[in-house]
Amino acid sequence: MRSGHGSAPSGGHRATQRERGEKQALVFGPQALRDGLAPLLPLLSHLMLAARGAVFRRLDRRSSVKLIIQIPCYNEAGTLGIALAALPREVPGFDSVEWLVIDDGSQDDTAGVASASGVDHIVRFTRNQGLAAAFLAGLDACLAAGADVIVNTDADNQYDAGHIPALTEPILSGKADMVIGARPIQSIEHFSGIKKRLQNLGSWVVRAASNTSVPDAPSGFRALSRKAAMELNVFNEYTYTLETIIQAGQKRLAVVSVPIAVNADLRPSRLVRSVPSYVWRSLIVICRIFVTYKPFLVFTAVGSAVLAVGFMLGLRFVWYYMNGQGGGHVQSVILAALFLGVGFFLVVGGVIADLISVNRKLLERIDYRLRRFELAERPITRVSSLPPRVVHVSAKLEPAAAESNPQNAPRRTGVTR
């Protein structure tokens, strides 16, 4: 056998190259890959289990449709039991129906009546916060408890609970985000004439500000979808009825009305302590609604009127001046300058207020996204061992911060604020 640079490799040399290739294959082969991924396997397993759990939770939520009926209360121990006895436990289109009571710092045994009547969730304020705050606290608690649709009613049994299926049907069918129960205002005997006129005035204001056709805006008997409940914010401390409809209209939510019946009057209205007080508060609410949601229209309208007065005073002085009598009408010049200046600043204020309202809308969108994230990521409720299944939290915390978990907690739970 010839040897040299041009000769073929020997058998021993070929065997050495083969062994070297096998060793390299072992270094980069499946066994090495498994050894390299071994430290990552627990993390990958945890991620897969978490993803599978999230999918199952979403499927379970989608397959089960929950309705929660909420009732804001303030010293309603005498009528709450009657209102709860009329509420349904089964409503067509829902797999479960739960009740939630908001005890707005009551001095009587409202919470005890609610607990004895089988209420599933109780939200308690340590002091009275007002109807609007109680309404929002109820919405937050209902969302935290997994409600797909929320029905709000009163504790005085004013509204006929038999119309709850009529309220929820447009939401279930996808025709509406908010449904308002329209009362027969003109035929309600215990409504005074001035209250009927103010009810109609409030409804007209809401229709003008919201571009909706709600005939009975002050009605508290209403149903909201989960999306609508997450988007609503109330700035007025007196009542929520008018402002929530205007917000829904501004946010392009579908708002419809259905006719309902009312029951006999069990007690005088808490909102209408006297006619002058009701008129004054209603006017304040109406003015604040327009200033908050139609700032450019309000400020420019008032500013234009003031500018018109100033312009007319100026023309008056010019007319006298052209007739040689301007010397005795200098006051018109001063008043014209004053009115023109005030009108100008009002118009400028309207432009600034309109820009601020744009910023408010952006903040509301951010708040909506944050609420969606919180409700999707955090547990629905938190369990407490305090008897009688009441959770005590600070008044500064969110209303939904301590709601009970229907899957992990006892059925009857509560939150105290």
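Key figures
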item	result
Selection from the stretch 155-184 of residues that are under 20 Å from SER203 (Cα atoms) and surrounded by fewer than 22 Cβ atoms within 10 Å (Cβ to Cβ)	ALA182, PRO184
Hey, ARG252 surrounded by fewer than 18 Cβ atoms within 10 Å (Cβ to Cβ) and within 20 Å of the chain's Cα centre (by Cα) or not	yes
Members of the stretch 322-353 that are modelled with pLDDT under 90, in a helix (DSSP H, G or I) and surrounded by fewer than 16 Cβ atoms within 10 Å (Cβ to Cβ)	MET322, GLY326, GLY327, GLY328, VAL330, GLN331, ILE334
Answer from VAL123, VAL101, VAL119 - the residue that is buried (at least 22 other Cβ atoms within 10 Å of the Cβ), outside any helix (DSSP H, G or I), touching a His at 6+ places or on another chain (Cβ under 8 Å) and in contact (Cβ under 8 Å) with a residue 12 or more places away in the chain	VAL101
Positions within the stretch 233-246 being more than 17 Å from LYS196 (Cα to Cα), buried (at least 23 other Cβ atoms within 10 Å of the Cβ) and either aliphatic (A, V, I, L, M) or within 10 Å of the chain's Cα centre (by Cα) (or both), in sequence order	THR244, ILE245, ILE246
Residue satisfying condition, being modelled with pLDDT of 90 or more, under 21 Å from VAL149 (Cα atoms) and out of contact with any Ser or Thr (no Cβ under 7 Å at 6 or more places or on another chain), within set VAL91, VAL123	VAL123
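The values are calculated or read from the model by the stated rules, or taken from the named source; none is laboratory data. On a predicted model such as this, the values are computed, not experimentally measured, just so you know. For neighbour counting, all protein chains shown are included, and Cβ atoms are generated from backbone atoms with ideal geometry for every residue, glycine included.
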